[in-house]
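Contents: one structure, followed by commentary.
The values are calculated or read from the model by the stated rules, or taken from the named source; none is laboratory data. All figures in this text were calculated on a predicted structure; none of them were measured in a lab. Neighbour counts are summed over all protein chains in view; Cβ atoms, including those assigned to glycine, are modelled from backbone coordinates with ideal geometry.
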């Protein structure tokens, strides 16, 4: 019997609208697989009890030819996106029982395009982590090898898409939280330009870096989903007031003008020989497909990690000050005074990694250290952005590995800095606000590896096109 | 940068997070290793560089300051740990 969950998003949309199968059938297939596999993978925090009802409604709309673009497509949402009247935990004890009074724009847009919500996916607490080991709701496992992590912070979404437990999934990326788990799980993950996707209702970690995006099984599938969450939103003051093009059309069109930059200083310093070999093999595949390459110099990019670990914690310490045990979220028992209420509610509600980042951020912003840390980091951030702006005068996109290595075993990294180094290749795009995508590029010891394309501002179509070109000439995304 | 227990107590007080005595030594060592990595920044001269607070030049698309009834107080307070007649309750602040 045909397994509907094997179909690509493209084929599912076609199958539903031409009534080859129904959304109830498709949604049931996913729910059945979730029931079987979630016990092991732990990629969902909650399952939407109304999923089948939503699917029935979609089928009625399809019958009346009143369907949205993605009518009846079952999707999973990272549990950082608020959905009205549903629990939104952000992977934290702090929000364990938080029922959102409103919905995020990303959810609303996908709902309006007809998707069926399967449930909310597990994640590192408040999106702080690179392995999904900081979630209050336990580890997520990598479906490729269940002894290993799926990456983070959007590990649940990545694991769910890789295990075919949803058609596609939403995620967020502050320093690599879409691209790194996509690489670890062997799927496609895109973080668009900062401001392309509204942050309304997306729980804040570091507001100048956070950006919503998509996990899917191919660049074409990702392009369809991405165009349906993009666009101006007056509720987000950092939303870009420009209409998003059809990324799907842009991904599919013939484009012979790709000039891909290879940042010499980064590629030469790749420590793992197999990762370096894979990178150059990927270059060869694209060269055969007619893509040109050019060596570029991205100066100061090596400072991205220190800069990020000042700016992200600083913004997080400010954003997470809202969790005070008064208006919503966890509240300690029997506080003796207001100070005690704040200090114990926050101590009990936040996990260790979140506390660490709030403390670092508070330190960097405190009197006497503000200039030495925060302003210094902002100045170098400017230099990093400038390096990219200069590079894009010569090239149409930039290619580098997504991660320094393949997925690692659970609990194998204990040193915080070693964990932070996971994001060494993904952080630069967040600092500059550029769109970036990770796609599967092969395997080392049966574990997937990803390559990353960084595009110029608002040029998601370009990197989706390049990714599609790669996927038309390879089969890594279907393995 | 050395993080003394005094500095840790100060930032814990500023961030309103009570720190368990037992985890202080490990926390101090973690914070020190993070700050050591961060201090790599000092290798670069940034004297004439403007700080960048935001990736986009055209940020701050502000909407009109118009009151809406999109979200009602009651909906918001459904998630509050302790309320009474529309008010959030806290321990007594003024004696």
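Does residue A:314 count as touching a helix residue (DSSP H, G or I) at 6+ places or on another chain (Cβ under 7 Å) and closer than 30 Å to residue A:458 by Cβ? In short, yes. Scanning the range A:358-372 for residues that are assigned to a helix (DSSP H, G or I) and facing chain B (nearest Cβ under 7 Å) yields A:358, A:359, A:360, A:362, A:363. Filtered by the rule that a residue be more than 12 Å from every other protein chain (Cβ to nearest Cβ) and not in a helix (DSSP H, G or I), the range A:90-116 gives A:90, A:91, A:92, A:104, A:113, A:114, A:115, A:116.
Let's see how each residue does on (1) touching a helix residue (DSSP H, G or I) at 6+ places or on another chain (Cβ under 6 Å); (2) at pLDDT below 95; (3) within 14 Å of chain B (Cβ to nearest Cβ); (4) more than 30 Å from residue B:57 (Cα to Cα):
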position: A:384; (1), (2), (3), (4): yes, no, yes, no
position: A:439; (1), (2), (3), (4): yes, no, no, no
position: A:448; (1), (2), (3), (4): no, no, no, yes
position: A:456; (1), (2), (3), (4): no, no, yes, no
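Among the residues of the range A:32-42, write down those that are out of contact with any strand residue (DSSP E or B) (no Cβ under 7 Å at 6 or more places or on another chain) and either touching a residue at least 24 places away in the same chain (Cβ under 8 Å) or assigned to a loop (DSSP other than H, G, I, E, B) (or both). Matches in the range A:32-42: A:33, A:37, A:40, A:41, A:42. The residues of the range A:35-54 that are closer than 23 Å to residue A:84 by Cα and under 24 Å from the mean Cα position of the chain (by Cα), listed by number, are A:43, A:44, A:45, A:46, A:47, A:48, A:51.
Given the conditions (1) farther than 20 Å from residue A:202 by Cα; (2) more than 9 Å from every other protein chain (Cβ to nearest Cβ); (3) within 24 Å of the chain's Cα centre (by Cα); (4) not in a loop (DSSP other than H, G, I, E, B), and given that residue A:302 satisfies all but one, which numbered condition is not satisfied? With (1) farther than 20 Å from residue A:202 by Cα; (2) more than 9 Å from every other protein chain (Cβ to nearest Cβ); (3) within 24 Å of the chain's Cα centre (by Cα); (4) not in a loop (DSSP other than H, G, I, E, B) applied to residue A:302, the lone miss is (2). Of the candidates A:254, A:287, the single residue that is without any contact (Cβ under 8 Å) to a residue 24 or more places away in the chain, in a loop (DSSP other than H, G, I, E, B) and farther than 30 Å from residue B:52 by Cα is A:254. Residue under question is residue A:57, and the condition is that it be under 22 Å from residue A:29 (Cβ atoms), more than 14 Å from chain B (Cβ to nearest Cβ) and more than 22 Å from the chain's Cα centre (by Cα); does it hold? Judged against the criteria, residue A:57 is a match. Residues that are farther than 30 Å from residue B:7 by Cβ, more than 19 Å from the chain's Cα centre (by Cα), in contact (Cβ under 8 Å) with a residue 60 or more places away in the chain and part of a strand (DSSP E or B) occur in the range A:387-397; there is at least one. Within the span defined as the range A:204-227, every residue fails to be at pLDDT below 95, within 26 Å of residue A:92 (Cα to Cα), surrounded by fewer than 24 Cβ atoms within 10 Å (Cβ to Cβ) and within 24 Å of the chain's Cα centre (by Cα). Of all the numbered requirements in (1) crowded, with 24+ Cβ neighbours inside 10 Å; (2) over 18 Å from residue A:262 (Cα atoms); (3) at the interface with chain B (Cβ under 9 Å from one of its Cβ atoms), residue A:422 misses one, and that requirement is (3).
When the criteria are applied in full, residue A:169 meets the requirement of being touching a strand residue (DSSP E or B) at 6+ places or on another chain (Cβ under 8 Å) and in a strand (DSSP E or B). Set side by side, the residues B:20, B:74, B:9 differ, and just one is surrounded by fewer than 17 Cβ atoms within 10 Å (Cβ to Cβ) and more than 15 Å from residue A:355 (Cβ to Cβ), which is B:74. For the range A:346-355, the count of residues that are touching a residue at least 24 places away in the same chain (Cβ under 8 Å), facing another protein chain (nearest Cβ under 8 Å) and either surrounded by fewer than 17 Cβ atoms within 10 Å (Cβ to Cβ) or not in a helix (DSSP H, G or I) (or both) is at least one.
Residues in the range A:458-473 that are surrounded by fewer than 19 Cβ atoms within 10 Å (Cβ to Cβ) and either in contact with a helix residue (DSSP H, G or I) (Cβ under 7 Å, 6 or more places away or on another chain) or modelled with pLDDT under 95 (or both): A:473 only. Does residue A:396 satisfy the criteria of being surrounded by 21 or more Cβ atoms within 10 Å (Cβ to Cβ), over 22 Å from residue B:35 (Cα atoms), at pLDDT 95 or above and more than 11 Å from every other protein chain (Cβ to nearest Cβ)? Yes; evaluated as a whole, the condition is true for this residue. Exactly one residue out of A:83, A:45, A:62 is in a loop (DSSP other than H, G, I, E, B), modelled with pLDDT of 95 or more and in contact with a helix residue (DSSP H, G or I) (Cβ under 8 Å, 6 or more places away or on another chain), and it is A:83. A search for C-beta distances below 6 Å between a residue of the range A:316-335 that is at the interface with chain B (Cβ under 8 Å from one of its Cβ atoms) and closer than 14 Å to residue A:361 by Cβ and any residue that is in a helix (DSSP H, G or I) and modelled with pLDDT of 95 or more, counting only pairs 6+ apart in sequence or on different chains, returns A:317/A:358; A:317/A:361; A:317/A:362. So which residues in the range A:218-233 are touching a helix residue (DSSP H, G or I) at 6+ places or on another chain (Cβ under 7 Å) and part of a loop (DSSP other than H, G, I, E, B), if there are any at all? Correct list: A:218, A:228, A:229, A:233.
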